[in-house]
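Data block below; observations after.
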Amino acid sequence: MSLFDQIQNDMYAAMKAGEKEKATALRTTLAKLKDKRIEKRDDLSEAEEIKVLQTLVKQRKESVELYEKGGRPELAAAEKAEIDILNGYLPQMMSEEEIRAIVQSVAEEVGATSMADMGEVMPEVMKRGKGLIDGKTAQQFVREILG
């Protein structure tokens, strides 16, 4: 079963169970997946579906940050709930220790010594992570190691 079908089935189940927030979050996700499918004019691969979900999670995280800065904890909580729902469909992200180890090895391999080398390190780190690395966390570790 594709990720799209799984999300669609879960949305119907949430609607039947009266889980309004979950149904709404999944409906929005399905709309984004359909938009991407229409844009591509073909079915999405699993990797493409995951990329769309990761983008949605990233947008939600940015919204949480803005809502918390703006003093809107109820909106931040709603976004966090959507993040939890979406994370259920994503593969497990790498742990901070794994990310740190990859950043360290890439920095050593390319001979990075200062922040000027960040442009060489980051793309290689993200490539090795195969979509399972949070870019913000990786960037933080690169700054730590090169800074």
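A few comments on the model shown:
One line per residue, one yes/no per condition, for (1) at pLDDT 80 or above; (2) surrounded by 12 or more Cβ atoms within 10 Å (Cβ to Cβ); (3) of a type in the set (Val, Ile, Thr):
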{"site": "Ser105", "(1), (2), (3)": "yes, yes, no"}
{"site": "Glu109", "(1), (2), (3)": "yes, no, no"}
{"site": "Val125", "(1), (2), (3)": "yes, yes, yes"}
{"site": "Lys130", "(1), (2), (3)": "no, no, no"}
{"site": "Gln140", "(1), (2), (3)": "yes, yes, no"}
{"site": "Leu146", "(1), (2), (3)": "no, yes, no"}
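- Pairing each residue of segment 7-33 that is within 14 Å of Thr55 (Cβ to Cβ) and in contact (Cβ under 8 Å) with a residue 12 or more places away in the chain with any residue that is outside any helix (DSSP H, G or I) and open to solvent by 50 Å² or more (accessible area, probe 1.4 Å), provided the two are 6+ apart or on different chains, yields no C-beta distance under 8 Å.
- Within segment 111-123, the set of residues being open to solvent by 30 Å² or more (accessible area, probe 1.4 Å), small (Gly, Ala, Ser) and not in a helix (DSSP H, G or I) comprises Gly111, Ser114.
- Members of segment 56-74 found to be open to solvent by less than 90 Å² (accessible area, probe 1.4 Å) and touching a residue at least 12 places away in the same chain (Cβ under 8 Å), listed by number: Leu56, Val57, Arg60, Ser63, Val64, Tyr67
- Test for Glu98: is it in a helix (DSSP H, G or I) and either under 28 Å from Ala31 (Cα atoms) or open to solvent by less than 60 Å² (accessible area, probe 1.4 Å) (or both): no
- Test result for Ala47, among the aliphatic types (A, V, I, L, M), open to solvent by 30 Å² or more (accessible area, probe 1.4 Å) and in a helix (DSSP H, G or I): yes
- Criterion (among the hydrophobic types (A, V, I, L, M, F, W, C), surrounded by fewer than 11 Cβ atoms within 10 Å (Cβ to Cβ) and either within 18 Å of the chain's Cα centre (by Cα) or under 28 Å from Arg143 (Cα atoms) (or both)) met by exactly one of Ala81, Ala31, Ala25: Ala31
- Flag if Lys127 is out of contact with any Asp or Glu (no Cβ under 7 Å at 6 or more places or on another chain), part of a helix (DSSP H, G or I), closer than 28 Å to Asp10 by Cβ and basic (Lys, Arg): no
The values are calculated or read from the model by the stated rules, or taken from the named source; none is laboratory data. Everything quoted here is computed from the prediction, not taken from an experiment. When we count neighbours, we look across all protein chains shown, and the Cβ atoms used for this are built from the backbone with ideal geometry, even at glycine. Side chains included, ligands, DNA and RNA excluded: accessible areas come from the protein's heavy atoms. Shrake-Rupley method; radii C 1.70, N 1.55, O 1.52, S 1.80 Å.
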